[in-house]
1. Examine segment B:57-67 for a residue that is under 21 Å from B:SER2 (Cβ atoms) and in contact with a strand residue (DSSP E or B) (Cβ under 7 Å, 6 or more places away or on another chain), and state whether such a residue exists.
2. Of (1) aromatic (Phe, Trp, Tyr); (2) farther than 30 Å from B:PRO122 by Cα; (3) within 14 Å of chain B (Cβ to nearest Cβ), A:TRP19 satisfies all except one. Which?
3. Before we move on, is A:GLY69 over 15 Å from the mean Cα position of the chain (by Cα), surrounded by fewer than 16 Cβ atoms within 10 Å (Cβ to Cβ), of a type outside the set (A, V, I, L, M, F, W, C) and more than 14 Å from chain B (Cβ to nearest Cβ)?
4. Any idea how many residues of segment B:25-76 are part of a strand (DSSP E or B) and not aromatic (Phe, Trp, Tyr)?
5. Residues in segment B:81-114 that are at the interface with another protein chain (Cβ under 10 Å from one of its Cβ atoms) and either in contact with a helix residue (DSSP H, G or I) (Cβ under 8 Å, 6 or more places away or on another chain) or surrounded by 15 or more Cβ atoms within 10 Å (Cβ to Cβ) (or both): how many?
6. Got at least one residue in segment A:24-40 being touching a residue at least 40 places away in the same chain (Cβ under 8 Å) and either more than 14 Å from chain B (Cβ to nearest Cβ) or assigned to a strand (DSSP E or B) (or both)?
Amino acid sequence: MPRLTSALCYKDPKAALKWLEAAFGFELVLLIEDGEGNLAHSQMTLGDSHVMVGNEWSADHASPASLGGKNTQTVHIHIDEDVDAHCQRARAAGAEILAEPETQFYGDRTYRCRDPEGHIWTIGQTVQAVTREEAEAATGLKIQGWA
Amino acid sequence: MSARILVALRIKAAPARVFAAFVGEIGAWWRPNPLFSFTPRSPGVLAFDGEGEGARLVERLASGKAFEVGQVRVWTPGERLVFGWRQAAFAPGMDTEVEVRFEPVGEETRVTVEHRGWETVPAGHVARHGFPDQLFLLRHGQWWTGLLEGLSAHLLP
């Protein structure tokens, strides 16, 4: 089964491993360090998904912390329960909450936060079943591919 | 600092059971990898010879000989195991160490393997098969992940 994995760049990836565990409950499953203790490669899991956490390993790979906070891609985490508690945990770990948990027109309750190096994360939990017609009526948008 | 590999896997069994299977049933769940064989006559069957600190991890070969992979340095049932790890081709001074931690997570056990000391095995050594350092460590780490998956499958057939 093909699948997607996001690889994130950090100036201090070892600190990121600790932070992502504390804030989001990610579990470290693979870490490779060289003889100087520098992180060479790592993977963390959440359920059946995983992310790779690495350093700024080429001139074209940078953390938002090196780019004035700019993100060119963000990762969305979908959870099954209690997004409000998830937000509290992230806040306690030092996440900057950019948007507090709020139920969206499409039936997910979501929040948005920024990690210590400026990566923006969105987290959502489905709390209501919303039909395509209801979502169109609520927004005035024409929607295709509504699951 | 030490060049090290860390892998972890959750296994649906209690720490005491996972520890017991790790040390007591290693011959049943271990999967040899030809890239990382201990001796030219490998694979044999792995076993912990004895219990507690000073026990030995050995590979029993078809010839009847046993190759000592390493001595157990820490043996805390259900919690932690540390043992030495060397291949027959290692020169004096080359020594790596494996630490296995067993942590309860709800009904499960998070098993973490840390394999360190690879900086004592120089680039170009036969054990590395010409791989660049990072690739060698990554391949070795993937083998450890597979080994833990084998341990999990052994416990949960």
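Laboratory data are not the source of any read-out in this text; all were calculated from the coordinates shown. Because the structure is a prediction, the values reported are computed rather than measured. FYI the Cβ positions are ideal-geometry reconstructions off the backbone, even for glycines, and counts take in every protein chain you see.
1. yes
2. Only one criterion in (1) aromatic (Phe, Trp, Tyr); (2) farther than 30 Å from B:PRO122 by Cα; (3) within 14 Å of chain B (Cβ to nearest Cβ) is unmet by A:TRP19, namely (3).
3. yes
4. 18
5. Result for segment B:81-114: 3.
6. yes
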